[in-house]
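Each remark here refers to the structure printed beneath this line.
We did not get these values from a lab; they are worked out from the coordinates using the rules stated. Remember, predicted model here, so these are calculated numbers, not experimental data. Note that each Cβ is placed from the backbone with ideal geometry, even for glycine, and that neighbours are counted across all protein chains shown.
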């Protein structure tokens, strides 16, 4: 492969990656704010393209300047890719360790450009520095990534790490002191030059797939969860009750339902305003969750009502849990912007003759009505 071929491939691949990066940066505007990292993923290939332009200026600018700026942009591109992945996966990120690595590598490269001119130690420093960044990227994806897109990125980064390490450690066997980046040479050198652009391309493809999957998950979450309390909405909690009833019919495993209603909620809205009512609903939802077990599921049934599903629970255990939840809500002290409240609870346990889960829910609703009629802030049992 000629030097022209390597330069052409490198430039065309970097240009293609830059276009994909620009698309990712544009996507950020139309996606939810909690999907982070897109701008960093988009910036990385633009930095790589800038480095390609600088490498093309060999002969027009001093070799030291071309090498330092070109290599610095390439390392910055790799670090920016890693930052984007960490932000997207909601992992901690700090720039200073990588800025330190970049400055250290650039200082070493300057020494081997001006003080002891030799391509081989430059290749060793740059290759191992890049391999370190890629190895950390691989580790982040291996520990925190999920799904096909993440695995695609992981394989690309693992391959990049391997090639960079092999190229850096073989430089004293493959190169001479006055070798150049795009010199024709061994197959390993050709693979090394092509690998970076290919890796960015695969990472960007994986990034777009990961973003699409995250957006799908966001829409699914919005379709099944209440926006205020972040609990499953009516349809979602009833679907789970239906699944539990099917389990009861197949295996005979009993379950219980708690239908909870905030007492005098209209009075709270009328006296304190609807924002205070919303805060009361949110606080009550959190308190109810705290009073239940991990296996229990609670959703917003509608308005000021919540429905809790207690799997594998008999009447005595369900009554104990209901009383615990009721007492916990009643014990919450009022706050300046959130009034206190109590709940009435209707409890029903599935019976052998129940053919449909709605029969259990109707009994829980009847028990709730009786609890309200008996004075509120109590548990009614059907």
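Principal axis lengths of region 234-381 from Cα atoms, whole Å, largest first?
50, 29, 21
Express as a percent, rounded to the nearest 5, the fraction of DSSP beta bridges in region 234-381 (both residues included) that run antiparallel.
85
Please work out the Cα center distance from region 265-317 to region 32-80, rounded to the nearest Å.
52
Here are several values of Rg and Dmax of the Cα atoms in Å: (i) 30.8, 93; (ii) 30.4, 88; (iii) 20.3, 60. Which one was derived from the coordinates shown?
Label (i) holds the value from this structure.
Could the peptides 110-120, 329-339, 344-354 be put in order, highest first, of the mean number of other beta-carbon atoms found within 10 Å of their residues?
By packing density, highest mean first, the sequence is 344-354, 110-120, 329-339.
Given the chain, what percent of its DSSP beta bridges are antiparallel, to the nearest 5?
Beta bridges within the chain, antiparallel portion: roughly 85 percent.
Relative to the longest principal axis of the chain, what angle (0 to 90°, nearest 10) does the C-alpha long axis of helix 315-330 take?
Compared with the principal axis, the helix lies near 80 degrees.
Per-residue counts of other Cβ atoms within 10 Å, averaged by peptide: what ranking do you get for 201-211, 84-94, highest first?
201-211, 84-94
Give the angle, between 0 and 90 degrees and rounded to the nearest 10, that separates the Cα long axis of helix 3-27 from the longest principal axis of the Cα atoms of the chain.
Roughly 20 degrees between the two axes.
Compute the helix-to-body angle for 274-291: its Cα long axis versus the longest principal axis of the chain, expressed 0 to 90° and rounded to tens.
Tilt relative to the chain: about 90 degrees.
How would you rank 238-244, 254-260, 132-138, highest first, on the average number of other Cβ atoms within 10 Å across their residues?
254-260, 132-138, 238-244
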